Amino acid sequence: EDASVVSEDRCHAMLRAAFETLSSRELRTAYDVELERRKRPSKAPLDADLLAQKAAERLEAGDADGASDLLERAVAAAPDQADYHALLAWAVFQNEGGHAAAGAAAWRHLTAAFEIEADHTSAHEYAGRIAAAAGDDARAIDHLTRVLDADPARAEALTTLEAACLRLGEHKRLERQYRKLIHRLGDAHDPERALRLWWRLAELYRTRLDDKPSAKIAYEIAAKLAP
């Protein structure tokens, strides 16, 4: 019975509010404006995307400071987009000098990107490259392995992963990564990339793993791809 009375009182209150709005020209106008605003799609995502595109162009041109400013605005306009947080992290890192000490300022934005999307590929690539610059090769390898599992064609991620593995002496891990990439990319799909991978694998067998029979096979396959 009490719940019924409360529900009835609420209905009366809603009806009174509706009557007052419809009876007042000012309130009715304000209500119509608000209704129209809700129906109209927000420009914020579009504006943020344009800002991010301009920021990427600035980064390409070497203007990390200008890119950072644009990406701060993109994040403010669309704070739920991991792309913008990740790219902002990289812009901040570049703007701070791109060295070990610059990583701290960037990690705040990477953390925001991972909170939105834990498997965000670009965020993991930037995290790996920043970790490598800071001398944290183990952390770099973990991030960059995830990147190459998601997108085997990311050349910068592979280059950074190679350097980190060689510094740590993780030669077998690098061998497995080469083989995985060769298998996923396929010789016919991208023969030039396959050639580079087979050649690097052959060099790894010869110079680091002291496995001459495997090196010979890898060199022979590379020679077939580039006779």
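Since every read-out is calculated from the coordinates, none of them should be taken as a lab result. All of these numbers come straight from a predicted model, not from anything done at the bench. Here Cβ is always computed from backbone atoms with ideal geometry, including for glycine, and neighbour counts include all displayed protein chains.
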Review point. For ARG146, what is the net charge nearby, where nearby means another residue's Cβ is under 12 Å from its Cβ and Lys, Arg count +1, Asp, Glu -1?
Key: -3
Practice item. For LEU46 paired with ALA150, estimate the spin-label separation in nm (one decimal), with each label point 7 Å from Cα along the Cα-to-Cβ line. Key: 2.8 nm
Point to revise | Estimated FRET transfer efficiency when R0 is 30 angstrom, pair LEU166-ASP80 (beta carbons, to 0.05) | key: 0.20
**Study point:** Estimated inter-spin distance, ALA56 and ARG184, nm [label 7 Å along Cα→Cβ]
**Key:** 2.1 nm
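Sort largest first and round to whole Å: the equivalent ellipsoid semi-axes of region 137-220, each the square root of five times a Cα gyration tensor eigenvalue.
Values: eigenvalues 75, 60, 14 Å².
One finds semi-axes of 19, 17, 8 Å for region 137-220.
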**Study point:** Virtual spin-label span in nm between THR111 and LEU209, 7 Å along Cα→Cβ
**Key:** 3.9 nm
Review point. Contour minus end-to-end for THR159 and GLU192, with contour as 0.36 nm per residue of separation and end-to-end as the Cα-Cα distance?
Key: 10.3 nm
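Highest mean first, how do 176-186, 124-134, 83-93 rank when packing is the count of other Cβ atoms within 10 Å averaged over residues?
My ranking of the peptides, most packed first, is 83-93, 124-134, 176-186.
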